[in-house]
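The values are calculated or read from the model by the stated rules, or taken from the named source; none is laboratory data. Since we're looking at a predicted model, the values are computed, not measured. Here the Cβ positions follow ideal geometry from the backbone for every residue, glycine too, while neighbour counts run over all protein chains shown.
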Amino acid sequence: MLTTPRALVLLLPLLTMVACASPRDAATPVEVGPTPLTPTVTPTPPTDPSASGATAPSAPPSLSVTDPPLSSTVPPTMRPPVAKPSPPSDRRQTDLVSGTITKGGTGPCYRLVSEDGIEYALHGPDAGELRTGSFVTLRIGPARARISCGPGLARSIVSE
């Protein structure tokens, strides 16, 4: 047999009455604590404008539906930009280099000495065969892979 605590048996009728209360009873305000304080404004006595030489402050204007907008300044119109937009910054920088192949073959590593005398260590898995001693013009970009192709500036051959 189940046993119920004595306090629960005594509270059960009270809980039933609260649950069955009508909405009209719930709308009746119940004052729980002290009422909140409302700020009081004491009016200042009007001053004589002729005594101090100042003008009397005027009351702030009241706004109505028919009043004009708050600002009478017309907003500026947008003009087209003067300069062309810059190209996207995420595009890979590429250069054209002309020079002689000093280490050729079927790749993927090549060496080239440019017309300026700069030696490049080029990586190009899709470049095909470049013969040693041939004069070529290649489009190169920053090295994409961390592969060492020998001495010189490490660059990648960009295939279009």
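Here is how the numbers come out for the structure above:
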item	result
Complete set of residues in region 102-129 that are at pLDDT below 90 and surrounded by 15 or more Cβ atoms within 10 Å (Cβ to Cβ)	Gly107, Ala127
Checking Arg155 against (1) in contact (Cβ under 8 Å) with a residue 12 or more places away in the chain; (2) exposed (fewer than 14 other Cβ atoms within 10 Å of the Cβ), the condition it does not meet	(2)
Only listed residue being farther than 20 Å from Arg144 by Cβ and assigned to a loop (DSSP other than H, G, I, E, B), chosen from Gly128, Gly117	Gly117
